[in-house]
1. Kindly provide the set of residues from the stretch 77-116 that are in a loop (DSSP other than H, G, I, E, B), surrounded by fewer than 16 Cβ atoms within 10 Å (Cβ to Cβ) and not basic (Lys, Arg), ordered by number.
2. Taking the conditions exactly as written (closer than 28 Å to Phe24 by Cα, among the small types (Gly, Ala, Ser) and outside any strand (DSSP E or B)), does Gly70 satisfy them or not?
3. If I filter the stretch 117-135 for residues that are in contact with a Leu (Cβ under 7 Å, 6 or more places away or on another chain), surrounded by 13 or more Cβ atoms within 10 Å (Cβ to Cβ), in a helix (DSSP H, G or I) and among the hydrophobic types (A, V, I, L, M, F, W, C), do I get at least one hit?
4. Return the pair list, or none, for Cβ contacts closer than 6 Å from residues in the stretch 197-215 that are free of Cβ contacts under 8 Å to residues at least 60 places away in the same chain to residues that are among the aliphatic types (A, V, I, L, M), at least 6 apart or on different chains.
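The values are calculated or read from the model by the stated rules, or taken from the named source; none is laboratory data. Since the model is a prediction, treat every value here as computed from it, not as a measurement. Here the Cβ positions follow ideal geometry from the backbone for every residue, glycine too, while neighbour counts run over all protein chains shown.
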Amino acid sequence: MSEVAPNIREANKRESVTGSSKGFDEVLVDVKNLKMHFPVTDGVFIPKVVAHVKAVDGVSFQVYRGETLGVVGESGCGKTTTGRCILQLEKPTEGEIIFYGEDITKYSPKEMIDVRKKIQVIFQDPYSSLNPRMKVGDIIAEPMHVHGIITDPVERRTRVHYLLNVCGLATAFADRYPHEMSGGQRQRVGIARALAMNPEFIICDEAVSALDVSIQAQVINLLEDLRDEFDLTYLFISHDLSVVRHICHRVAVMYLGNLVELADGDELFENPMHPYTKLLLDAVPIPDPEIEKTRAHAVIKGEIPSPINPPSGCVFHPRCPKMVDSCTKDIPQLREVKPGHWVACSEV
């Protein structure tokens, strides 16, 4: 996992990560108290709701124009569901998603058509996110045709060739099928398809996790270059902390549907405050085997509780090494403990 680090250009690393979130002042996306509870039903002929899976349970954060906000956490913590709610692929149970001053959770499917031109997604699996029956050129051109961005077929094909070149692919790939390409090439096609709509905000849902380590570095460099060239804003969902540290300006840590910490990238990795964040960072392996075998490993005890019946109080308290009696009763609020550093823990 950490082997990605040496492969990423130092210039990109310094430019993209050392900048504080204070350099971004325009809020592009404002998520307020977002909840996504999936009903659990029982019965065959007359199903009834017997419980709810609390995939996202009251998450709030802002994404500033031009920045990359990373969202990290264990599998099942609600990262992808949060992204799908912003995309309106899932209708949230509660909360607001403010984009250009409007709450898009109240938009009808017809009203969302214009919004979808500005918000795009790069999916995790390049093997299943591309239609195997369509040529690459048609895959990239289809959204431009459907949304009427470019109506002339010749102009569309010119635009397709331009996007392929921008994403590091030869124009000849337009006449290939996805199965004729490698995983990294397919993911570049997915990126080109997202760019076809001239978006402002792109959700990268585990965009490099299915790729080899060396290919991950290439795609990360490409995403950084595209961010600068097209003035893009990213929500970068990942479980790979080494990747997140290199590409993200700020990082949000989620656990069991809740946001537990939010800070600038360097600040969070060098000075984690929430017990869960500390344990998460301790679990990242160090490439040097001599250092790795001598360092103490802090293991997170227990299993992740069920999102159907989450613990009372702080959701992390059953596994927290700093747990006190109040943690079982009081729900900690996300508060700013130092400028730009937000933590949901009563013991910090």
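1. Across the stretch 77-116, the qualifying residues are Leu89, Tyr100, Gly101, Ser108.
2. Criteria not met by Gly70.
3. Taking the stretch 117-135 first, the residues in contact with a Leu (Cβ under 7 Å, 6 or more places away or on another chain) are 119, 121.
Now restrict to residues that are surrounded by 13 or more Cβ atoms within 10 Å (Cβ to Cβ): 119, 121.
Pick out the ones that are also in a helix (DSSP H, G or I) and you get none.
The answer is no; no qualifying residue exists.
4. If the second residue must be among the aliphatic types (A, V, I, L, M), the pairs left are Val208/Val219.
Residue by residue, here is whether (1) in contact with a strand residue (DSSP E or B) (Cβ under 6 Å, 6 or more places away or on another chain); (2) surrounded by fewer than 21 Cβ atoms within 10 Å (Cβ to Cβ); (3) under 24 Å from Leu211 (Cα atoms) holds:
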position: Ile139; (1), (2), (3): no, no, yes
position: Met144; (1), (2), (3): no, yes, no
position: Glu155; (1), (2), (3): no, yes, no
position: Pro178; (1), (2), (3): no, no, yes
position: Ser182; (1), (2), (3): no, yes, yes
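Residue by residue, here is whether (1) under 25 Å from the mean Cα position of the chain (by Cα); (2) modelled with pLDDT of 90 or more; (3) surrounded by 14 or more Cβ atoms within 10 Å (Cβ to Cβ); (4) of a type outside the set (Lys, Arg) holds:
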| position | (1), (2), (3), (4) |
| --- | --- |
| Cys314 | yes, yes, yes, yes |
| His317 | no, yes, yes, yes |
| Met323 | no, no, yes, yes |
| Leu334 | yes, yes, yes, yes |
| Lys338 | yes, yes, no, no |
| Ala344 | yes, yes, yes, yes |
| Glu347 | no, no, yes, yes |
